[in-house]
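The values are calculated or read from the model by the stated rules, or taken from the named source; none is laboratory data. Quick caveat, the model's predicted, so the values are computed rather than measured. Cβ placement follows ideal geometry from the backbone for every residue including glycine, while neighbour counts extend to all protein chains displayed. SASA here: full protein model, heavy atoms, side chains in, ligands and nucleic acids out. Shrake-Rupley method; radii C 1.70, N 1.55, O 1.52, S 1.80 Å.
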Amino acid sequence: MNRRTGRIPEHAHHAAVNGFLAFFLASLLLIPSARGHTPRVTSLTPTGGQRGTDVELKIYGARLDDAQELVFASPGIELVKLNSTTTNSLKATVRIAKDCPLGEHLICVRAKTGVSELRSFHVGIYTNATEVEPNSELTKPQKIAMNSTISGTITSEDIDYFQVEAKKGERLSVEIEAMRLGRGAFDPYIALMDTKGEILAASDDSTLAMQDGFITIRSPKDGPYILQVRETSYGGNSEYHYRLHVGNFPRPAIVYPLGGKMGESVDFKFINQDKSEFSQSVKLPDKIDERFGIFAEQGSQVAPSPNWVRISAFPNVLETGPNQDPAHATKAQIDLPLAFNGIISAKGETDWFRFKAKKGQALEVTVFARRLRSPIDTVLEVCDAQGKVLVSNDDSAGADSAAKFTPSADGEYLVHIRDHMGHGGPNYVYRVEVAPVQPGITLSIPQVARNESQIRQYIVVPRGNRFATMISAKRKDISGDLKLQFDGLPAGIAMQADTMAGKVDAMPVVFEAAADASISGKWIEPTAKAVDGKSEVASAYRHVVELVQGGPNNTAYYSSTLDKLYVAVIDEAPYKLKIVEPKVPLVQYGTMDLKIVAERKPGFDEPINVKMMWNPPGVGSLPDITIPKGENSADYKLNAKEDAQQHVWKIAVLGTATVGGGPVWVSSQLANLEIGEPFVVGKFDPITAEPGQTVKLVCKLDQKQPFEGKASAKLIGLPDTVKASEAEISKEDKEVSFSLAVDAKASPGSHRNLFCSMEIKKNSEIIPQNIGSGGVLRIVPPKRGKVTKVASGAK
């Protein structure tokens, strides 16, 4: 009988029916939901849309049947309606605002039971159309309109042809987004041809768009032109999606200057492939951004994708030429901090800048060029006023250069910039920021597995339960303890975190949701500050989302970056975890069995994988353990090295179990683990024995802290042919000895890893501790001529 729709025989007694129904409903409450946890999104189409329109998204994956909303990482797109949901798919209508920011937007699915991976969706300005097969022959191209965006797919050995009309002298621009769509390792090739197939221009890769290319020409005559799209080596598959932009829009290769001061309007010069230029004033946001996209505009036409600039707190100083030697260096008329901007416009050219600095003020000089998609590979030199090199750097941030130096005297100094290979051209643009060293902190969640940039890169807390994550803090020119802050958490979620000690760069943070917390989610921006309150430090959160990987080492071909963290409350989980907080310390040289307890809901008996979120400095453990199917606890063995840092650390474990085919993560509380001084330290004197001998091995003791009663001691590391007595140690003992009986058949050799294992009782608990590691027993052959006693009766 179906447990939800089973029918009761009509002749059953009314009371019996009521009793059965009561039992039936109660039993439903005891059985964990079979609904799969943690939704997955493997495909999202279309890959983009035109702003000011509604678009139906088709999303495929797994465990999508309890989806509640689409979550957008940036403003401008909203969910209109979830049209349908099944286990493996959902359809949703989204509305793209008329003023929606152009370019890439990241989307995930929030379900009652979890949050999916992020996938990209691109917003453009032009009318969208879809590739229609057959269009694989030059003579039968698909006709498209100027200033339109075509969504298509390249399957294996596929070639797509399109035809567009252009007038003589009209700008004809073609740009493809393929790798940048984040769907697959699609390296596209595009060509612009006449109707006879003669190639007028082609593009494989480009500095600006990396594996994606673009073309801009002036149409040589009126008439139709043919566009070819294929994979560069004629490959393809169902994930090789593209967006082909065709029109008379501008498509500059680079912009100058490569940045500006936050909050200011900057006149940018856009430089095209054919070296022509045009200018555009852009109001920059009031926030520092290492990579901000600006879209070139001419008239009513807009470039399909951005050029990249740097936004900082520093005013611009533009080069004035010629500045190819120290005597003619562009001189800054303002004090530091500032940003020099220039172009290595010809082969072999070098640029010089002059600035004033004060004695003893630590400065950092940082180049922004290749990371903003300039082709230049800079070499940086900081020189004194006469041109003598003080510090230099080639590659510090990828192909970009950076250096620190402290002036030895008040006065003028020089910055010298050149291309590593002596190349140059109108698009060899760079930006050099010179500023006092500023401390900074970058927060992130470390990858939980190699080449996995999206697993557990969010916070999903089951109702009435806990979820833990590691938070990493990359410090720049700052030391000391840090306090983490997670302002603006969803209602019903509380955060537990210790102070991050100056000697560690990551620690666990536990989030706990109330039993009645609303199932919902929101974006937050975690921050950190110095505990001493004296250090002014800027902090930011950073999540690098690797959307396309490939090659033998799963290289990240295309990534996007988020500066915020998604936090959600999800439906309750069928189990909880707890650390039984130890009453005694884990001592240096010691071990501990940390008890992990699982509280299971009735009907849930699946195995639970448990792993330490982290080990405090000097503490070791297995990568994970398992609470077996149907059992409620397991011991996690920890060990402390000689140099384990003495401190009361906060620890947590994270558990995962499979429910409905998907993982359910919960964590323990944040528990105390004290690392303490050893009770006793010991040292063995090396000893030599012959087969058949009984010898005494002595360990000299150094009592560090008193203990009650006597501790049992056992010698570990002996070969099977040697038997040792056990011993006891009190707090007054200066040494402990073991009687070693060497078997007559023992083989000669050295045994170098002997140590003594102690068990000390405190607070009704056992504290295991090892002493005297590195003890040596050498078994040597009997001396020549020595008579060995043979037992009576032996032959």
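Annotation: Cα Rg of the range 378-495 relative to the compact-globule expectation 2.2 N^0.38 Å equals 1.63. Near ASP487: Cβ cut-off under 14 Å, other residues only, Lys/Arg at +1 and Asp/Glu at -1. The net charge is +3.
In the range 427-467, the convex hull through the Cα atoms has an average projected area of 6.8 nm², a quarter of its surface area.
For the range 332-482, with all protein chains in place and a probe radius of 1.4 Å, 47% of the accessible heavy-atom surface sits on carbon or sulfur.
All C-alpha to C-alpha distances of the range 517-601, sorted into 10 Å bins beginning at zero, yield P(r) values of 12, 17, 22, 36, 13, 0 percent in whole numbers.
Beyond 30 Å in Cα-Cα separation lie the following of the pairs LYS474/LYS522; LYS529/LYS704; LYS287/LYS331: LYS529/LYS704. Charge tally for PHE292 (other residues, Cβ to Cβ under 14 Å; Lys, Arg +1; Asp, Glu -1): +2.
Taking 0.36 nm per residue of separation and subtracting the current Cα-Cα distance, fully stretching the chain between GLU56 and THR42 would add 3.4 nm. R0 = 45 Å: FRET efficiency of LYS714 with THR499, Cβ-based, nearest 0.05? Computed FRET efficiency for LYS714 and THR499: 0.70. For the range 153-278, which whole-number percentage of the solvent-accessible area (1.4 Å probe, protein heavy atoms only) is attributable to carbon and sulfur atoms? The C+S portion of the solvent-accessible surface of the range 153-278 is 45 percent. Computed from Cα atoms, the angle from the helix 14-30 axis to the main principal axis of the chain rounds to 80 degrees.
Once the C-beta distance of ASP643 and LYS611 is scaled by a Förster radius of 30 Å, the resulting FRET efficiency is 0.80 to the nearest 0.05. The Cβ shell under 11 Å around ALA515 holds other residues with a net charge of -2, Lys and Arg each +1, Asp and Glu each -1.
On a per residue basis, the convex hull of the C-alpha atoms belonging to the chain measures out at 301 Å³.
Of the residues GLY440, GLY492, SER312, the one whose Cα sits farthest towards the positive end of the charge dipole of the chain is GLY492 (charges of +1 on Lys and Arg Cβ, -1 on Asp and Glu Cβ, taken about the Cα centre). A simple rule links phi to the HN-Hα coupling: the Karplus curve 6.51 cos²θ - 1.76 cosθ + 1.60 with θ = phi - 60°, which for the range 497-508 gives 8, 7, 5, 7, 4, x, 8, 10, 10, 7, 7, x Hz, with x for Gly and Pro. Extension gain for THR561-LYS221 works out to 118.1 nm (0.36 nm per residue, less the C-alpha to C-alpha distance). For the chain, a crude dipole built from +1 on the beta carbon of Lys and Arg and -1 on the beta carbon of Asp and Glu, taken about the Cα centre, is about 2100 debye to the nearest 20. Taking trypsin sites (Lys or Arg not before Pro) across the range 456-520, the ones in a DSSP loop with at most 16 further Cβ atoms lying within 10 angstrom of their Cβ are LYS503.
The charge dipole of the range 326-450, taken about its Cα centre with unit charges on the Cβ atoms of Lys, Arg (+1), Asp and Glu (-1) only, comes to about 180 debye. Taking amide H positions as modeled 1.01 Å from N, with prolines and chain starts lacking one, the residues under 5 Å from GLY235 and 5 or more places away or on another chain are GLU157.
Applying a DSSP loop filter and a limit of 14 other Cβ atoms within 10 Å to the trypsin sites (Lys or Arg not before Pro) in the range 604-678 leaves LYS629, LYS641. Take every pair of alpha-carbon atoms less than 8 Å apart whose residues are at least six positions apart; their mean separation over the length of the chain yields a relative contact order of 8 percent.
Among the trypsin sites (Lys or Arg not before Pro) within the range 135-211, those in coil by DSSP and having at most 10 neighbouring Cβ atoms inside 10 Å are LYS168, LYS196. Farthest towards the positive end of the charge dipole of the chain, among the residues PHE214, ALA517, TYR242, is the Cα of ALA517, using unit charges on the Cβ of Lys, Arg, Asp and Glu. Length available on full extension from GLN324 to SER773: 0.36 nm per residue minus the Cα-Cα distance, which gives 155.1 nm.
Projected onto planes of every orientation and averaged, the convex hull of the alpha-carbon atoms in the range 88-184 covers 9.2 nm². Taking the centroid of alpha carbons for each part, the range 674-693 and the range 324-388 are 62 Å apart.
Along the chain, counting only GluC sites (Glu not before Pro) with a DSSP assignment other than H, G, I, E or B and at most 16 other Cβ atoms inside a 10 Å radius, the longest segment between sites is 265-535.
Under the convention that each Lys and Arg Cβ holds +1 and each Asp and Glu Cβ holds -1, the size of the dipole of the range 156-293 around its Cα centre is about 520 debye.
Could you tell me how far the Cα centroid of the range 436-453 sits from the Cα centroid of the range 624-670, in Å? The range 624-670 and the range 436-453 have Cα centres spaced 24 Å from each other.
Run the paramagnetic zone check for SER725: 7 angstrom along Cα to Cβ, then residues of the range 667-697 with backbone nitrogen under 16 Å. 693-697, by backbone N distance to the label point. For the range 541-573 versus the range 172-213, the spacing of their alpha-carbon centroids is 27 Å. Projecting the Cα atoms of GLN454, ILE570, ALA403 onto the dipole axis of the chain, where Lys and Arg carry +1 and Asp and Glu carry -1 at the beta carbon, places ILE570 farthest toward the positive end. The calculated FRET efficiency for the pair ASP267 and ALA201, based on their C-beta separation and a Förster distance of 22 Å, comes to about 0.15.
In the context of the full set of protein chains, the chain has a per residue accessible area of 46 Å² (1.4 Å probe). Here the relative contact order of the range 332-468, from alpha carbon pairs under 8 Å that lie six or more residues apart, stands at 34 percent.
Within the range 649-707, the ratio Rg/Rh, alpha carbon atoms throughout and Rh by Kirkwood, equals 1.39.
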